Amino acid sequence: MTNPSESTAHRYTPELANQIEQNWQQYWKDHGTFNAPNPVGDLSAHDGKPLPADKLNVQDMFPYPSGAGLHVGHPLGYIATDTYARFNRMLGKNVLHTLGYDAFGLPAEQYAIQTGTHPRTTTMANIKNMRRQLGALGLGHDPRRSVASTDPEYYKWTQWIFLQIYNSWFDEELGKARPIAELIAELEANKRTTKDGRYYEDLSEEEKRHAVDEFRLVYLSNSMVNWCPGLGTVLANEEVTHDGRSERGNFPVFRKNLSQWMMRITAYADRLLDDLEDLDWPEKVKSMQRHWIGRSRGAEVNFRAEGHDIAVFTTRPDTLFGAEYMVLAPEHELVDALLSPIPYEDDVDKRWTYGHDDPKEAVEAYRAAIAAKSDLERQENKEKTGVFLGTYATNPVNGKQVPIFIADYVLTGYGTGAIMAVPAHDTRDYEFATVLGLPITEVVAGGDVATEAWTGDGTLVNSAAPGGLDLNGLHKEEAIAKTIEWLTEQGKGAEKIQYKLRDWLFARQRYWGEPFPIVYDEKGQAYPLPTSMLPIELPEVADYKPVSFDPEDADSSPQPPLAKAREWVEVELDLGDGKKKYFRDTNVMPQWAGSSWYQLRYIDPTNDEIFCDLENERYWTGPRPAEHGANDPGGVDLYVGGVEHAVLHLLYSRFWHKVLFDLGYVTSREPYRRLYNQGYIQAFAYTDSRGVYVPAAEVEEKDGKFYYNGEEVNQEYGKMGKSLKNAVAPDEICRDFGADTLRVYEMSMGPLDTSRPWATKDVVGSQRFLQRLWRLVVDESTGELITHDRELSQEDLKALHRTIAGVRDDYENLRLNTVVAKLIEYVNYLTKSYKSGAPRAAVEPVVQLVSPIAPHIAEELWRHFGHSQTITYEPFPTFDEKYLVDDEVEVPVQVNGKVKARISVPVDAAKDAVLAAAKAEPRIAELLEGKNLIKEIFVPGRMVNLVVK
Ligand code: ANZ
């Protein structure tokens, strides 16, 4: 026998789901359903309706349009934000939600080098494919606001913001950026001197320019980079192998000082740190940012040696009496001056001399040995090495002569590049002292310095100088304060705040990035271009490879691909003093540039007067103290993305935003008020006996073992990806089940912030849920509405209102998995309670409740109920409190203080009735039998305790 319903056209099959989904996606597109109106400008509402005061600005992290397309892991966050956005539209809010593309970057450029295809062609094709894939998921984005960082109309403003930063300086007194013109005015009026304390009027024109440049938030600096002549490019530390060669191509890499654009993010270190307090971000991300900025309070202390002052930075000035030696970074500028010209004396420990008799030779050999190491390796490096300079320094607190070393564990870029070493209380110093046989003197009691460094707190010992500083008996904090006071008095040191944060290296020798709006004159002097000349568009080039050199030619310098466009590089411009010849900067900006401000362009994507109108910005991201508290910094209401962007992207965009705030271009102090890190969808992958990945979809399981083509394979769990042969495309799942099923499945897999394993076999569970929902509304054989208008029972009302209350709260708090669980429970309840046709008043609200997660089926069912408008803006159902309270409560019954049974009684039951019910409970009655009841305790609604003897 065949089930007649299976042969009907009105069953919610994947084919029907696909058809419904396409229809509604077309409807939304035709009606601009998700277009959010702005207060002013092109995108403002023209229908005369007032703008809702209540708004939601929700955003996903800017994706890179990869050539590989999406797998089902990618849209997890996008579906969640879409769901949240849809829920908020039903609460009556004006919701801004869109998705753009962070489309500059290396993959398209490398593909261009290999194939000659212009990176723009590749990028545009990838964006198109990704739009199609995302569109099929029914994401309610405002398409008018979708930008790509590679659009010239977009990067015009990236260049413009660069110029605003370039034309600013940081006023330390006010703690904010100001226009450079105001600085020049103050310098000209002698209200301020140059950084080296000179008066402006005493300077030549060239010196004046130089003096001003030193204040700018963007500056050219000589910095050490990894230069690889064979590849023609500088490389990141991660791209260089341990033996100092390029990962790609195996060419030699040289450390080279190159002039590079830098951004002075360090000026904002304190504000970037302090303002974290006002952000609704995961604690983990805040702490990663704190760590990255790395503010340490300590002291700078001067050690005297051979007529020089060697300044060290220490966080532990309390341990000065335990300083047994000093270490300079091998690159420290005093190394050569301090180096003893006489060979090591006979009694110098052989472990200190690096196998040489002459200090100069030892230093040279040591420097050569470590030249290729990155800072990271130098810090990780466990085996401590170093070289004695043949000279001693004087410890300022006790006059002790301590040997001076160079060692690679001291970095040149941090603090002063020199340390006082306290082996008893610093782990690295302890290791070094152990290897080189240096004394270890305990000055803070508490540990056992015979076995390891003691880095904890304790009482100071061995820390007094006759007639001088005496720290004995003090605790760490008191000792730090006292030492700093003493050093300051003696002129031997001072309190110092130190940061780990470095300025931002802002230039890349690539093709596929934003060109700099900067030109140079014949003398090499840099000039910013006026806004009227923007955008500076990327020129066409013959090929995308940087110029490469003889791999061994360390003296060569990078020639970025743009340098090949001679006609573009050499220009005649009138920058206010007549036409002259200039040369364009041939670097491009790093990929982080475009993503540092895109949240603002989403707000005003078509504005060609300014990157974002202030009034629109105020509406969408301005501070709202009434809603979020007095310290609300403003920003996007909800920003969802992976935790891998915790530091760089989020620090750079906070920095740019703060500069724009200081200059008055935005009213918000922060770009992202609330951040949420979604988990990842993970998957099983399988390798054969050779360790090669096999297609996961074709692996079969038998008795807990896994087989591919009859051969047993090994199961691994982790990322999903093309190379692991375990990627599942959303296209497949949409085709086989429908997009709504995929959405429900992804949202139901677990709490949004945790990772979860993908299992295609489980998707059908979500499909069945939607099919049951469908059958509550539609008669599968006729396609007619199957509900009726009878009244709801008391039980129905309770079930419905509890579901509404629970679901509402879950949506608000992004607990989307429990939304699904509650809806499944309610749909099951109705399915069981009504075999054919449930009351309309019980079913219609579920369609609204489910619509943020499964919008296509919801729209379709809404139509079945006879509505002619989209469900998108229907008010979200409300509930009546009276159905939430239980009329009965469960009360534990204790005998002599131990719970022995539980009884159910009416909430308002009187004492006598409850006690009677308790005593009548069979187990209690049994326990009371033959006993003397001495006392009856009753706490209404909470418990009964019967005391017996
Ligand atoms: C003496 C001392 C004694 C230290 C002690 C620590 C513990 P943070 O907290 O990371 O700022 N240091 C300073 N400059 C350095 C450099 N350029 N390269 C490597 N190490 C450097 O760390 C500050 C501490 O790191 C400083 O305090 C210094 O060691 C070391 F019981 O000075 B300390």
Condition test on residue 666, is it out of contact with any Pro (no Cβ under 9 Å at 6 or more places or on another chain) and assigned to a strand (DSSP E or B)? no
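When you look at residue 162, is it in contact with a helix residue (DSSP H, G or I) (Cβ under 6 Å, 6 or more places away or on another chain) and within 27 Å of residue 271 (Cβ to Cβ), yes or no?
Details: in contact with a helix residue (DSSP H, G or I) (Cβ under 6 Å, 6 or more places away or on another chain): no; within 27 Å of residue 271 (Cβ to Cβ): yes.
When the stated conditions are applied, residue 162 does not pass them.
Might you let me know whether segment 828-840 holds any residue that is open to solvent by 30 Å² or more (accessible area, probe 1.4 Å) and within 26 Å of residue 752 (Cβ to Cβ)?
Within segment 828-840, the first condition is being open to solvent by 30 Å² or more (accessible area, probe 1.4 Å), and the residues that meet it are 828-829, 831-836, 840.
After this cut, where a residue has to be within 26 Å of residue 752 (Cβ to Cβ) as well, the list is 828-829.
Checked against the condition, which is being open to solvent by 30 Å² or more (accessible area, probe 1.4 Å) and within 26 Å of residue 752 (Cβ to Cβ), segment 828-840 yields at least one hit.
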Could you please find all residues in segment 7-31 being among the hydrophobic types (A, V, I, L, M, F, W, C) and touching a Leu at 6+ places or on another chain (Cβ under 9 Å)? 9, 17
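Which fully enclosed strands (runs of 3 or more DSSP E) of segment 501-587 have 3 or more residues being touching a residue at least 24 places away in the same chain (Cβ under 8 Å)?
On the way: elements: 518-520, 526-528, 570-574, 579-584.
Ranges flagged: 518-520, 526-528, 579-584.
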Condition first: surrounded by fewer than 17 Cβ atoms within 10 Å (Cβ to Cβ) and over 29 Å from residue 102 (Cα atoms). Can you find one or more residues in segment 128-144 that meet it? no
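If you scan segment 453-500, which residues turn out to be part of a loop (DSSP other than H, G, I, E, B), more than 37 Å from the chain's Cα centre (by Cα) and in contact (Cβ under 8 Å) with a residue 12 or more places away in the chain? Explain how you work it out, then say what you get.
Of segment 453-500, the ones part of a loop (DSSP other than H, G, I, E, B) are 453-458, 461-463, 465-469, 471-474, 491-492, 499-500.
After this cut, where a residue has to be more than 37 Å from the chain's Cα centre (by Cα) as well, the list is 458, 461-463, 465-469, 471-474, 491-492.
Across segment 453-500, the qualifying residues are 458, 461, 462, 463, 465, 468, 469, 471, 472, 473, 474, 492.
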Can you work out which of the residues in segment 588-612 that are part of a loop (DSSP other than H, G, I, E, B) and over 18 Å from residue 163 (Cβ atoms) is nearest to the chain's Cα centre (by Cα)? 591
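Any residue at all in segment 628-650 that is free of Cβ contacts under 8 Å to residues at least 24 places away in the same chain and not in a helix (DSSP H, G or I)?
Yes, segment 628-650 contains a residue that is free of Cβ contacts under 8 Å to residues at least 24 places away in the same chain and not in a helix (DSSP H, G or I).
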Quick one: residue 711 ticks every box in (1) buried (at least 17 other Cβ atoms within 10 Å of the Cβ); (2) of a type outside the set (Gly, Ala, Ser); (3) without any contact (Cβ under 8 Å) to a residue 24 or more places away in the chain except a single one, so which number is it? (1)
Taking only pairs six or more apart or across chains, which ones have beta-carbon atoms under 9 Å, a first residue in segment 798-822 that is under 11 Å from residue 747 (Cα atoms), and a second residue that is of a type in the set (D, E, K, R) and surrounded by fewer than 18 Cβ atoms within 10 Å (Cβ to Cβ)? 814/753; 815/809
Looking only at segment 537-569, count every residue that is open to solvent by 30 Å² or more (accessible area, probe 1.4 Å), out of contact with any Gly (no Cβ under 8 Å at 6 or more places or on another chain) and not acidic (Asp, Glu) and tell me the total. 6
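Scan segment 718-729 and tell me whether some residue there is within 29 Å of residue 281 (Cβ to Cβ), surrounded by fewer than 15 Cβ atoms within 10 Å (Cβ to Cβ) and not acidic (Asp, Glu). Working first, answer last.
Step one: filter segment 718-729 for residues within 29 Å of residue 281 (Cβ to Cβ), giving 718-721.
The next check asks that each one be surrounded by fewer than 15 Cβ atoms within 10 Å (Cβ to Cβ); those that pass are 718.
Filter once more, so that each one left must be not acidic (Asp, Glu): 718.
Checking segment 718-729: at least one residue is within 29 Å of residue 281 (Cβ to Cβ), surrounded by fewer than 15 Cβ atoms within 10 Å (Cβ to Cβ) and not acidic (Asp, Glu).
Consider residue 253 carefully, then state whether it is within 14 Å of the ligand (Cβ to nearest atom) and more than 26 Å from the chain's Cα centre (by Cα). Break it down into steps so the answer makes sense when it comes.
Numbers: within 14 Å of the ligand (Cβ to nearest atom): no; more than 26 Å from the chain's Cα centre (by Cα): yes.
In short, no.
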Report, ordered by the first and then the second residue, all pairs with beta carbons closer than 7 Å, sequence separation of six or more or different chains, a first member in segment 671-700 that is more than 18 Å from residue 724 (Cβ to Cβ), and a second member that is at pLDDT below 95 and buried (at least 18 other Cβ atoms within 10 Å of the Cβ). 679/756
Tell me yes or no: at least one residue of segment 215-234 is farther than 23 Å from residue 416 by Cα, open to solvent by 20 Å² or more (accessible area, probe 1.4 Å) and among the small types (Gly, Ala, Ser). no
Among 99, 106, which is the only one that is in contact with a Leu (Cβ under 8 Å, 6 or more places away or on another chain), surrounded by 14 or more Cβ atoms within 10 Å (Cβ to Cβ) and under 30 Å from residue 597 (Cβ atoms)? 99
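Residues are listed down the side, and each one gets a yes or a no for (1) assigned to a loop (DSSP other than H, G, I, E, B); (2) over 26 Å from the mean Cα position of the chain (by Cα):
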{"site": "103", "(1), (2)": "yes, no"}
{"site": "109", "(1), (2)": "no, no"}
{"site": "133", "(1), (2)": "no, no"}
{"site": "157", "(1), (2)": "no, no"}
{"site": "173", "(1), (2)": "yes, yes"}
{"site": "182", "(1), (2)": "no, yes"}
{"site": "185", "(1), (2)": "no, yes"}
When segment 385-417 is checked residue by residue, the ones that are surrounded by fewer than 20 Cβ atoms within 10 Å (Cβ to Cβ), away from the ligand (no atom under 13 Å from the Cβ) and assigned to a loop (DSSP other than H, G, I, E, B) are 385, 398, 399, 400
When the residues of segment 303-326 are filtered to those that are small (Gly, Ala, Ser) and within 16 Å of the ligand (Cβ to nearest atom), which remaining residue is most open to solvent (accessible area, probe 1.4 Å)? 311
Yes or no: segment 496-508 includes at least one residue that is away from the ligand (no atom under 16 Å from the Cβ) and either of a type in the set (D, E, K, R) or touching an Asp or Glu at 6+ places or on another chain (Cβ under 6 Å) (or both). yes
Got a number for residues in segment 424-458 being out of contact with any strand residue (DSSP E or B) (no Cβ under 8 Å at 6 or more places or on another chain), near the ligand (Cβ under 9 Å from one of its atoms) and open to solvent by less than 30 Å² (accessible area, probe 1.4 Å)? 0
Conditions (1) of a type outside the set (S, T, N, Q); (2) open to solvent by 50 Å² or more (accessible area, probe 1.4 Å); (3) within 16 Å of the ligand (Cβ to nearest atom) -> residue 347 fails only (3)
Hey, does segment 363-379 have a residue that's open to solvent by 30 Å² or more (accessible area, probe 1.4 Å), farther than 30 Å from residue 472 by Cβ, acidic (Asp, Glu) and within 16 Å of the ligand (Cβ to nearest atom)? yes
When you go through 337, 329 one by one, which is the residue that is surrounded by fewer than 21 Cβ atoms within 10 Å (Cβ to Cβ) and in contact (Cβ under 8 Å) with a residue 24 or more places away in the chain? 337
Before we move on, is residue 784 more than 38 Å from the chain's Cα centre (by Cα) and over 30 Å from residue 699 (Cβ atoms)? yes
One residue is enough: does segment 748-763 have a residue meeting the conditions buried (at least 23 other Cβ atoms within 10 Å of the Cβ) and either in a strand (DSSP E or B) or touching a Leu at 6+ places or on another chain (Cβ under 8 Å) (or both)? yes
Hey, does segment 778-799 have a residue that's open to solvent by less than 60 Å² (accessible area, probe 1.4 Å), over 30 Å from residue 684 (Cα atoms) and of a type in the set (Ser, Thr, Tyr)? yes
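The values are calculated or read from the model by the stated rules, or taken from the named source; none is laboratory data. Worth saying up front: this structure is predicted, and the values here are computed from it rather than measured. Backbone-built Cβ (ideal geometry, glycine too); neighbour counts: all protein chains shown. With ligands, DNA and RNA removed, areas are computed over all heavy atoms of the protein, side chains included. Shrake-Rupley method; radii C 1.70, N 1.55, O 1.52, S 1.80 Å.
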